[in-house]
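Notes for the one structure printed next.
Values in this text are rule-based calculations from the coordinates and carry no lab data. The structure displayed is predicted, hence computed values, not measured ones. Cβ placement follows ideal geometry from the backbone for every residue including glycine, while neighbour counts extend to all protein chains displayed.
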């Protein structure tokens, strides 16, 4: 975004959309949907709102300028407003951590069974022995 685009954005942005703090469940779902393991912060929630506004206003997408706008708006927030964004982000992180832990616990049994593959198997026939241990070549 050039300087003129920055001023256009600041003059035409929807303040309510920028100030809206999504609920923590939506934040958690979006973070998981993007398939990234990210730690969500209050400022990153604000950045998402700004990115949506940039798209709505059909402005050129420039990461540096978005960060400048985010910093400027974040610094003008009251402490209580920052706290609301941060609290929502922390709640979303807790939700994602619980889901990650559940997935890890669900995989633990499978991983334990994989480690047992190397244990010797009791076999009664040559076919079974060859099946479990492969065939040897002289």
Inset, instruction - Taking the chain as the reference, fit the longest principal axis to its C-alpha atoms, fit the long axis of helix 79-115 to the helix C-alpha atoms, and give the angle between the two in degrees, 0 to 90, nearest 10. - result: 10
Legend entry - Segment residue 4-residue 72, length gained on full extension (0.36 nm per residue, minus Cα span): 22.8 nm
Inset, instruction - Rank 55, 100, 66 by mean-square fluctuation in a GNM of the chain with C-alpha springs under 10 angstrom and give only the top-ranked residue. - result: 55
Inset, instruction - Taking volume of the Cα convex hull per residue in Å³ as the quantity of interest, determine which of [x] 117; [y] 189; [z] 167 was computed from the displayed structure. - result: [y]
Legend entry - Helical contribution to [θ] at 222 nm, DSSP H n ≥ 4, -39,500 (n - 2.57), averaged over the chain, rounded to 500: -23000 deg cm²/dmol
Inset, instruction - Report relative contact order for the chain in percent, whole number only (criteria: Cα-Cα under 8 Å, sequence separation at least 6). - result: 30
Inset, instruction - Please work out the FRET efficiency for the pair residue 33 and residue 61, using the Cβ-Cβ distance as r and a Förster radius of 22 Å; give the result to the nearest 0.05. - result: 0.65
Inset, instruction - Would you work out if segment 15-94 is rounded, prolate or oblate? Take a ≥ b ≥ c from the square roots of the eigenvalues of the alpha-carbon gyration tensor; rounded if a/c is under 1.5, else prolate when a/b is larger than b/c, oblate otherwise. - result: oblate
